[in-house]
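Just below is one structure, and these are the notes that go with it.
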Amino acid sequence: MESTEGEGSSEPEIQFTEIETTAECLDGSLIFHVVKDTIGFILYMHQQIPSILQDITLEFDLMHTEYKELEVDLAKTELKASLRRKHIGRMREVKQGIRKMEKFMSTISSLQSALQLLISQIPNIHEVILVLGTSPIRPQHVYQLCFSHANPAPSAEANFIKGKTAEWLSRKAIRALISKDAGSSSYPGPTKLFLMVKAPTSLNLPLHFLPKRDFRYSKKIVPFRLRFRCRTQGLKIDEDHNSLPGRSTGIDSSNDLIWFQCRHAIKGIAFKTPEEE
């Protein structure tokens, strides 16, 4: 389902793909996992990581486990010299692999922790923008996620456990992006992914989010836009989400909201694509 918005014939149409859920409200856990999985999708589809984020996370954990096991084996005095040399060589390889991925994985973890902290303070987030490019104002690709809160989420602390509803909603969002050819065009080499969140000016997480009151990006960029809402809302569209980032992405004065930029920008991993090998 799509909704179209515009500001006169001289402006391009602004299209949102509507995604409904049967959940009573869009709580913090749902929002967290939708954003998290969309980030993974963007990184993979735009060739910033060699495989899907879940596989990379598993591989990184397995490398740490293998390295510790090799250390234990090397501590054994009865280990043969030939096997010891083999273990040392393998440890060197594993350590190189860990170092290659360590900064990326650390940034992923920091960004996810920052998002959880923000959602814990502000469970009813209205808008998130994910920017892929050298800087938020010079993007290659832009993904806008809007969350309609006609039924506000309860103030109870989110547990961030990924349930069936979150899994289903993430899959539906990714299918919607694929249907719009998201990720079909990419630039070679690693770039950065930035997380922008619209939140009240009272947000105070300086170690993780910096206020960017005047955030806007080039009008030449056509963003991918998804709007999430509960089916119980019917056809009503929350007016709070009708902001147009290409034109008026500054302060929403009526709600005292401004843009905040997450300090943990994710830089892609350099790797050879199948075409380069």
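Key figures for this structure:
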quantity	calculated
Failed condition for residue 148, given (1) among the hydroxyl-bearing types (Ser, Thr, Tyr); (2) modelled with pLDDT of 90 or more; (3) under 17 Å from residue 225 (Cβ atoms)	(2)
Some residue of the stretch 106-129 being surrounded by 14 or more Cβ atoms within 10 Å (Cβ to Cβ), closer than 25 Å to residue 43 by Cα, in contact with a Pro (Cβ under 7 Å, 6 or more places away or on another chain) and touching a residue at least 12 places away in the same chain (Cβ under 8 Å)	yes
Qualifying residue in the stretch 181-196 (condition: within 15 Å of residue 40 (Cα to Cα), touching a Leu at 6+ places or on another chain (Cβ under 7 Å), of a type in the set (Val, Ile, Thr) and not in a strand (DSSP E or B))	yes
Neighbours by Cβ (under 7 Å, 6+ apart or cross-chain): first from the stretch 160-183, farther than 18 Å from residue 39 by Cβ; second at pLDDT 90 or above and assigned to a helix (DSSP H, G or I)	161/29; 165/30
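Matching residues to (1) among the β-branched types (Val, Ile, Thr); (2) surrounded by 20 or more Cβ atoms within 10 Å (Cβ to Cβ); (3) farther than 29 Å from residue 52 by Cβ; (4) at pLDDT below 90:
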| position | (1), (2), (3), (4) |
| --- | --- |
| 224 | no, yes, no, no |
| 235 | no, no, yes, yes |
| 238 | no, no, yes, yes |
| 255 | no, no, yes, yes |
| 263 | no, no, no, no |
| 275 | no, no, no, yes |
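The values are calculated or read from the model by the stated rules, or taken from the named source; none is laboratory data. A quick note: this is a predicted structure, and the numbers were derived from the prediction, not measured. So basically every Cβ, Gly included, is an ideal-geometry build from the backbone, and we count neighbours across all protein chains shown.
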